[in-house]
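Here is the structure we will look at, set down as structure tokens.
The values are calculated or read from the model by the stated rules, or taken from the named source; none is laboratory data. Values in this document were obtained by computation on a predicted structure and should not be read as measured data. Cβ atoms come from the backbone with ideal geometry, glycine included; neighbour counts cover every protein chain shown. Ligands, DNA and RNA are stripped out before the accessible areas are found, and what is left, the full protein with its side chains, is counted by its heavy atoms. Shrake-Rupley method; radii C 1.70, N 1.55, O 1.52, S 1.80 Å.
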Amino acid sequence: HSFSSTVSRTLTQTRDDGKKITIYCTESRPKREGQKMALSLLNEGLEVKLITDSAAFSLLQSKTIDHVLCGGDSLFEQGLVNKIGTLGLAIACWYEKLPFYCLCSLTKFLSAPLEPSLGEIKNPSEISMLHAPNLEVINFYFDLTPLEILSGVVTEKGVLNHGEILDELRGKISNQKLFAT
């Protein structure tokens, strides 16, 4: 879902390790970063299927998918900030009992509380050019996925579970306070 160089490198390495994989990329509207991801993976010689964002839910139900990987824009105690639609995919995976992992570097673990701009509305023309009375086009780029519904976060330290993620985040808070005095 969206574009992630970390996920791309991981999938390429998985193939290089001799595993046969088929990758389903969501188009990742509104800016369609998933198409960029699909092209990147195709250029690496991987087998890719590009689907609409909403088709992912049917694929999860069909048991075609083994697990879901996403990147992460940032990670806080409140959750994972990533491309709009990540929350829906994570909830669907939780419901279908499929593993849902975020792949991101520890540098994206942030101690500061989330800013209200998470729900900032972007350019409506990226979704629709319709202009009509009583029509408001709302275009969000990001959503917040609670850490509790992630199967884990894959970092340079390995796969971290919910408790380990919180420990890592709280360590950053402690270190900030140490250096601030």
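Please find, in a Gaussian network model of the chain (springs between Cα atoms separated by less than 10 Å), the residue of G152, G72, G163 whose mean-square fluctuation is greatest.
The residue with the greatest mean-square fluctuation here is G163.
Ordering I138, I165, I65 from largest to smallest accessible area (1.4 angstrom probe), what's the sequence?
Ranking I138, I165, I65 by accessible area, largest first, yields I138, I65, I165.
Please report the relative contact order for segment 1-79, taking Cα pairs under 8 Å with a sequence separation of at least 6, and give it as a percent rounded to a whole number. Don't skip to the answer; put the middle values down first.
On the way: 89 pairs, mean separation 28.7, N = 79.
For segment 1-79, the relative contact order is 36 percent.
Counting only DSSP beta bridges with both residues in the chain, what percent are antiparallel, rounded to the nearest 5?
Just about 50 percent of them are antiparallel.
With the cut-off at 18 Å, tell me which of the pairs K63/K97; K49/K122; K20/K49 have Cα atoms farther apart than that.
K49/K122
Computed over the Cα atoms of segment 1-91, what is the convex hull's projected area averaged over all directions, in nm²?
Numbers: hull surface 23.9 nm².
It is 6.0 nm².
So what is the 222 nm mean residue ellipticity for the chain from helices alone, if each DSSP H run of at least 4 adds -39500 (n - 2.57) and you divide by all residues, rounding to the nearest 500 deg cm²/dmol?
Computed mean residue ellipticity for the chain: -10500 deg cm²/dmol.
Comparing P30, P124, P99, which has the greatest mean-square fluctuation in the GNM of the chain with Cα pairs linked when under 10 Å apart?
P124
Please give the Cα centre distance for segment 87-107 versus segment 1-65, rounded to the nearest Å.
The distance from the Cα centre of segment 87-107 to that of segment 1-65 comes to 14 Å.
Give me the compactness ratio for the chain, meaning the Cα radius of gyration over 2.2 N^0.38 Å.
1.11
If you take every residue apart from L42 with its C-beta less than 13 Å away from the C-beta of L42, what net charge results, scoring Lys and Arg +1 and Asp and Glu -1?
Values: positive: R15, K36, K49; negative: E44, E47.
Charge balance in the 13 Å sphere: +1.
Under 37 °C and 0.692 mPa s, how fast does segment 11-50 diffuse according to Stokes-Einstein, given a Kirkwood radius computed over C-alpha pairs? Answer in µm²/s, whole number.
Details: Rh = 10.3 Å.
In µm²/s, the coefficient is 318.
Say we join alpha carbon atoms closer than 10 Å with springs in a Gaussian network model of the chain; which of H67, H131, H162 then has the biggest fluctuation?
Highest fluctuation among the options: H131.
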